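Note sheet for the following structure.
Nothing in this text is a laboratory measurement; each read-out follows from the coordinates by a stated rule. Since this is a predicted model, take the numbers as computed values, not measurements. Virtual Cβ from ideal backbone geometry, glycine too; neighbours counted across all protein chains shown.
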Amino acid sequence: MEATSWRSMAVLLCSLALILSCASAGPPPASSSCTATTDDCKAGKCKGWVTVKFDISPNGTVRKPRILRSCPPGYFDSHVLDRLSSWKYHPSPNGKRGVVVSLDFELPAAP
């Protein structure tokens, strides 16, 4: 499986895990140091993370998502933003502002 497919699968699994566990917020990664490189990920073997901040509208849709930081920088960002557009939370009278979620990724070595 090529690196793009692994990356898409990792993003989908993380999105599903968060939705199923009803996690709405989490702290940023404990360490902001980044040792993974884009070349590692293109080779199909890397660990990374994305910390994203967004608002939840009263109808439960994600609004104004923005990447706070990521490792490797920029590698998973567009996939996370694409997936966030499909996230749906339970409706609430006022919604919620400033939700911060950290997503961890691990791409296994390609077979």
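Could you list which residues have their amide H under 5 Å from that of C46, counting only those 5 or more apart in sequence or on another chain, with H placed in the peptide plane?
When sequence neighbours closer than 5 places are left aside, the close amide H contacts are L107.
What full-extension length gain, to one decimal in nm, is calculated for S78 and A43 as 0.36 nm per residue of separation minus the Cα-Cα distance?
Full-extension gain reported as 10.7 nm.
Would you list, by chain and number, the lysines whose Cα falls below 27 Å from the Cα of K64, excluding same-chain residues fewer than 8 positions away?
Answer for K64, where 27 Å is the Cα cut-off: K47, K53, K88, K96, listed by chain and number.
Compute the FRET efficiency between D104 and N59 as 1/(1 + (r/R0)^6), taking r as their Cβ-Cβ distance and R0 = 25 Å, and round to the nearest 0.05.
Calculated value: 0.30.
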